[in-house]
Amino acid sequence: MSFISELKRRNVIRMAGLYIVGAWLILQVSETLLPIFHTPDWVLQSLVLLLGIGFLPVLVFAWIYELTPDGLKRDADVQPGQSIAPQTAHRMERVIILLFAIALIFFAFDRFILAPKREAGMVAEAVKSVSSSKRLDAGRAEMSIAVLPFVNMSADLEQEYFSDGMTEEILNALANVPKLAVTARTSVFSLKGQKHDIREIGKMLGVTYVLEGSVRKAGNEVRVTAQLIRADNGFHLWSETYDRKLENVFDLQAELAGAIAKALELPLGMGGGDGLVVERTSNPEAYALFLQARAAYRERGQSVKKSIDLYRKALQLDPKFAPAWAGLSSSLAVYPWYVPTAERTNTPVFMKEAEKAGKQALELAPDLPQAHTALAMVYTFQWQWVLAEKHFNRALALAPNDPEVYYHYSDWLAAMGRLEEALRSAQKAVTLDPLVPIFLNGKANALGRLGRNEEEVAVRRAAYALAPDVPLFSNNLLRAYFSTKRTDDIEKLLNETQARDATNTKGDGGDGFSSESRKNIRAYISLIRDPSQREAARKVIGDEGLKAFDNRNNTAYNIQQSFNGLEASINSHLSGVDPVAGLRSVQFDNYRNDPRYIKLLNKVGFDDEGNIR
């Protein structure tokens, strides 16, 4: 009898299959349930290790022993006529099938029920990590409101642009009501399609009131229903239904938004106007493309390229659509951060087109705040500090509650060396729109420049939790972990991204980590934990990598390396404000009179004292 046949007779192969399926199911359930009880990472790691160690002994046991009616006996002691191995094999096959069925059921349960809840929890945890619930409630403005995306109840799903536009118009109208704080669109639209209790939404967004509604279009008839709810207790304070003829879609949106804003004055106990955004298009298709483009721009990552294409399509349909020109300008202004390294040499081309688009927007609408913001971004990137400040000031005057302005203004303030003001501006953006990862990233940058690294880590975690597939956030979180020597967190991040890469459609490195980079990072982790692992690490990171590791505590070496890196970035001028803001960070507090420092200041448009020349 062959060895394989003997393995089959003794049910060793079936035992291997039973063990593997059972172990996989145990690990899947454990990975889901253990975090609920806040168990440390080593518990799951130990379970994986134990199950791995147990595999071989189980196979040896199956080879040596056989289950008989009289109990376990050594296989050699069982006569062929007494063996019930075939019956045992059938039972094992049935158990394997049962475990497979349980595994499939659990996978479906986890994928469609538990996973959405975990994602919602990540968002909630992100907000919590930025500000505890107590601080959030304490900082909540008494007159604050979130307008949830109005639900499209029309039979035609393509009418989604109308319901989204309705939400946009109400946001614009309420933003002009004095003393009323309105949560910005990105945070509320991030909740679109999700199921959340109103009280949970109020806590997440830090608002007192929530406005929700629906839009139903049938033929030439439109019905809009809106209701105002107190966020802390879920009580309905006001509701109204509006029936109108669909003559001009945008005039109708403006009329209904104004009516709702005016009606809310009474339950909110305040007065105010119903000013609306008037610079818009009369082309519904162009408007739908504009909404999609703006949403893509706010996502950042690969979506920036998508937003540029969508803005261009909208402008082909309506070349006089000023907000689309402003949006195109903004997308082009940030695009250099999201292109492959080889394409970054095209940055001057992107900036030239961005400036042209911003000027076109201002020509069509001189008081459009988004156009002033876009040009301020471009001029900041180009180190035209005075021009940038002029447009920032105008944007802030026209849109004092636009988080996008504060986010980019923070970078300009950092370049001026006004680091505390830069942090306040970044925080203002987060307060106005708390669920936007790029705004959280801006706050983290401001904290890092001030040397407040522990706080920086918390905010970077929040940004990553909201957009784990965007390399900018995962890489920035990794750097923050390294700066605070959080090796366990680094390892957890690598494992998390590696597991996600194995199941996503982007392939390896879709979140910014390639197999090679993960291997190098793990080598650095092993060195931090155990410096005696030098030779093993050298085989992975090489002599240069080992030299860099050895110099990590050499202040003079690191400062020189920082100067060299900043000078290279400044000379290439492909990273905009980043190297300038880095130069102003507290890292260089003891080097303000250093000739190397002054030389770089002069290169980016400042005098020896750091003032604009």
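The values are calculated or read from the model by the stated rules, or taken from the named source; none is laboratory data. Computed from a predicted model, the values in this text were never measured in an experiment. Here Cβ is always computed from backbone atoms with ideal geometry, including for glycine, and neighbour counts include all displayed protein chains. Side chains included, ligands, DNA and RNA excluded: accessible areas come from the protein's heavy atoms. Shrake-Rupley method; radii C 1.70, N 1.55, O 1.52, S 1.80 Å.
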Whole-Hz ³J(HN,Hα) for each residue in the range 148-154, computed from phi via Karplus 6.51 cos²θ - 1.76 cosθ + 1.60 with θ = phi - 60°, x for glycine and proline: what do you get?
6, x, 5, 7, 7, 9, 6
Using 7 Å Cα-to-Cβ label points, what is the N571/D530 separation (nm, one decimal)?
4.2 nm
Under a no-solvent Debye model with one identical scatterer per Cα of the range 357-401, what's log10 I(q)/I(0) at q = 0.23 Å⁻¹?
-0.69
From the Cα centre of the range 337-409 to that of the range 412-486, the distance in Å is 21 Å
Whole-Hz Karplus couplings 3J(HN,Hα) for the range 182-194, θ = phi - 60° and coefficients 6.51, -1.76, 1.60, Gly and Pro as x, run 10, 4, 5, 5, 5, 5, 6, 6, 5, 8, 4, x, 8
Amide proton proximity set for S239, modelled H, under 5 Å, gap of 5+
L228
Please give the per residue accessible area of the range 521-575, computed with a probe of 1.4 Å over protein heavy atoms only, in Å².
57 Å²
What are the ³J(HN,Hα) values, in whole Hz, obtained from phi via the Karplus relation 6.51 cos²θ - 1.76 cosθ + 1.60 with θ = phi - 60°, for each residue of the range 331-343 in sequence order, with x given for Gly and Pro?
4, 5, 5, 9, 4, x, 7, 10, 9, x, 3, 5, 8
Which number comes out as Rg/Rh for the range 511-613 once both Rg and the Kirkwood Rh are worked out on C-alpha atoms?
1.09
Run the quick spin-label model on D550 and I105: label points 7 Å from Cα toward the beta carbon, then report their separation in nm to one decimal.
6.0 nm
extent check for the range 374-492: Cα max minus min per principal axis, descending, whole Å, gives 46, 26, 22
Give the accessible surface of the range 327-380 per residue, rounded to a whole number of Å², with probe radius 1.4 Å and ligands, DNA and RNA excluded.
40 Å²
Long-range amide H partners of S144, meaning residues 5 or more apart or on another chain whose placed amide H is closer than 5 Å, are A181, T208, Y209
Rounded to a whole %, the carbon-and-sulfur portion of the accessible area of the range 368-409 at a 1.4 Å probe is 56 percent
Treating the beta-carbon of each Lys and Arg as +1 and of each Asp and Glu as -1, no other charges, what is the dipole magnitude of the range 426-487 about its Cα centre, to the nearest 20 debye?
200 debye
Ignoring any ligand, DNA or RNA, what whole percent of the accessible area of the range 442-591 comes from carbon and sulfur when the probe is 1.4 angstrom?
47 percent
Once fully extended, how much extra length lies between L56 and R199, figured as 0.36 nm per residue of separation less the alpha-carbon to alpha-carbon distance?
46.2 nm
Rounded to whole Å, give me the distance from the Cα center of the range 529-556 to that of the range 194-249.
58 Å
In straight Cα distance, which lysines are under 22 Å from K603, not counting same-chain residues fewer than 8 positions off?
K352, K390
Quick one: if the Förster radius is 30 Å, what FRET efficiency do Q316 and N475 give, using the C-beta to C-beta distance and rounding to 0.05?
0.25
Quick check: pseudo-label points 7 Å beyond the Cα along Cα→Cβ at N558 and D607, how many nm apart are they?
3.4 nm
Using only the Cα atoms of the range 553-613, build the gyration tensor, take square roots of its eigenvalues as a ≥ b ≥ c, and label the shape rounded, prolate or oblate: rounded if a/c is under 1.5, else prolate if a/b is larger than b/c, else oblate.
oblate
